[in-house]
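Here is the structure we will look at.
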Amino acid sequence: MERRAQPSLSRGLIWGLATGLVLGILAGWWAWPRLVNVRTTQPVRFSHTLHGRQDVACAVCHFTGPGGAFSGFPSLGVCAGCHPDPTGGKGEDDKEIDKLVNTYVKTGRAVPWLSSQGQPAHVRFLHEPHLPLGCPSCHPDMRRVDTPDITRNRISGYTLQAMSMDRCRSCHQERGALVDCQACHR
């Protein structure tokens with residue numbers, strides 16, 4: 001009895017599997033970030049570019065107290081200091097100012113700003129020792145970003161804009177600052 005050779009995979013099947021694998025990888029590469037991350041916008045469109053052109057320094061809204069103690073987002077009083085009344089204007093900027101004034105300033109409700117640079121709860125970060133480096137050494141130059149969207153990972157809750165541990169560590173190493181875990185982690 002004569003043995004027949006095992007049939008080899010046909011070229012068409014190999015090409016089909018290879019094409020499917022490549023398409024699957026490309027689809028995952030494209031789809032995964034869109035499934036895992038969600039983009040959100042601020043409750044009021046705030047133009048950092050416009051305020052930067054008006055020479056409003058970051059510290060006017062974001063820092064208070066001695067040594068530049070970080071205040072996070074501006075208080076409603078800071079916003080109301082420049083925008084106490086609706087503009088009544090028809091442009092997009094005027095409509096956003098009117099939204100700020102009518103929804104928050106006039107009602108006394110704090111604006112629920114969303115943080116794009118927030119760090120996880122296990123990270124200990126003090127702004128004061130970092131201030132001599134200048135804000136753009138850690139943050140993007142917001143005068144050039146205008147109204148950024150915030151992209152948050154649905155699984156971890158972290159924003160994609162937050163500082164990475166590698167970036168912090170390399171900066172600390174370059175400047176001879178502490179790099180042990182306890183320096184930055186709770």
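The values are calculated or read from the model by the stated rules, or taken from the named source; none is laboratory data. Quick caveat, the model's predicted, so the values are computed rather than measured. Quick reminder, even Gly has a Cβ in these numbers, built from the backbone with ideal geometry, and neighbours come from all protein chains shown. For the accessible areas, the whole protein counts, side chains as well, though only heavy atoms, and no ligand, DNA or RNA atoms are used. Shrake-Rupley method; radii C 1.70, N 1.55, O 1.52, S 1.80 Å.
Looking only at segment 40-65, filter to residues that are outside any helix (DSSP H, G or I) and of a type in the set (Gly, Ala, Ser); which one of those is nearest to Lys95 (Cα to Cα)?
If we filter segment 40-65 for residues that are outside any helix (DSSP H, G or I), which is where we start, we get 40-47, 54-57, 63-65.
Okay, now just the ones that are also of a type in the set (Gly, Ala, Ser), so 47, 57, 65.
Working: Ser47: 13, Ala57: 24, Gly65: 33 Å.
Result: Ser47.
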Looking at segment 94-103, can you tell me whether even one residue there is open to solvent by less than 60 Å² (accessible area, probe 1.4 Å), of a type outside the set (Ser, Thr, Tyr) and part of a loop (DSSP other than H, G, I, E, B)?
no
Being of a type in the set (Lys, Arg) and either assigned to a loop (DSSP other than H, G, I, E, B) or surrounded by 11 or more Cβ atoms within 10 Å (Cβ to Cβ) (or both) is the filter here; which residues of segment 134-153 pass it?
Arg143, Arg152
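Quick check on segment 167-178: of everything there that is open to solvent by 50 Å² or more (accessible area, probe 1.4 Å) and modelled with pLDDT of 90 or more, which residue is farthest from Gln42 (Cα to Cα)? Reasoning before the result, please.
Initially, segment 167-178 is screened for residues open to solvent by 50 Å² or more (accessible area, probe 1.4 Å), giving 167, 169, 173-176, 178.
Imposing the further condition that a residue be modelled with pLDDT of 90 or more reduces the set to 169, 173-176, 178.
Values: Arg169: 30, Gln173: 35, Glu174: 35, Arg175: 35, Gly176: 37, Leu178: 35 Å.
Of everything passing the filter in segment 167-178, Gly176 is farthest from Gln42 (Cα to Cα).
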Out of Ser164, Ser156, Ser116, report the one residue that is out of contact with any Lys or Arg (no Cβ under 7 Å at 6 or more places or on another chain) and open to solvent by less than 50 Å² (accessible area, probe 1.4 Å).
Ser116
